[in-house]
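A short worksheet on the structure shown next.
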């Protein structure tokens, strides 16, 4: 009896969560305000989440100034991409670009090779345009653009920081490095899956 009641409670909570998420993506409603709506956009999307986390991990693997220059490049260029998406300038292959970013970043994590910082910054800058464009294009019409942008930039920065911490901690242990590389391969595989779905 208790088990049945618990299952109903879990089902009700899940239904409420998913209905709230559906409302959050409705352009005419904004139940949590502009900032929180922007904040949750990169966090709740699996492709955005994995890419943002991976940027932080890659920067930690590289070490040195890359720990902050690579994520900072992503956030700043993503803001520009957000403006382009808001203006609807017609960027094509949006989902494919986002999926490829997950595939590429996962591959770099799995390879665990130190790449030139300018090359990585350029790559994440290109990826950031696609992610930012998606955030801007999917902004609810009732949202305050600047507040919404601050939200998705904050969410992205938080995920970058989490990735940096994961990458940095893993670098101090042999097993951690192995697990990180396996995780990178899994992220790359998911990126490939997203890419097939975007085709």
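The values are calculated or read from the model by the stated rules, or taken from the named source; none is laboratory data. Worth saying up front: this structure is predicted, and the values here are computed from it rather than measured. Neighbour counts run over all protein chains shown; Cβ positions are idealised from the backbone, glycine included.
Things to note:
- Entry remark, the range 41-53: residues being surrounded by 24 or more Cβ atoms within 10 Å (Cβ to Cβ) and free of Cβ contacts under 8 Å to residues at least 40 places away in the same chain number 0 in total.
- Within the range 113-130, residues that are touching a residue at least 60 places away in the same chain (Cβ under 8 Å) have Cβ atoms under 6 Å from residues that are crowded, with 16+ Cβ neighbours inside 10 Å in these pairs: 120/70; 124/55; 124/70; 124/73; 124/74; 127/101, counting only partners at least 6 apart in sequence or on another chain.
- Here the condition is being touching a residue at least 40 places away in the same chain (Cβ under 8 Å), more than 16 Å from residue 187 (Cα to Cα) and in the same structural domain as residue 160 (by TED's automatic domain parsing); of 90, 106, 56, 38, it holds for 38 alone.
- Boolean, residue 107 is over 28 Å from residue 139 (Cβ atoms), surrounded by fewer than 21 Cβ atoms within 10 Å (Cβ to Cβ) and at pLDDT 95 or above: yes
- Test: residue in the range 167-188 that is closer than 30 Å to residue 33 by Cα and either more than 15 Å from the chain's Cα centre (by Cα) or surrounded by 14 or more Cβ atoms within 10 Å (Cβ to Cβ) (or both): no
- Selection from the range 124-165 of residues that are within 16 Å of residue 55 (Cβ to Cβ) and over 15 Å from the mean Cα position of the chain (by Cα): 165
- Residue in the range 131-153 that is assigned by TED's automatic domain parsing to the domain that holds residue 51, free of Cβ contacts under 8 Å to residues at least 24 places away in the same chain and not in a helix (DSSP H, G or I) present: no
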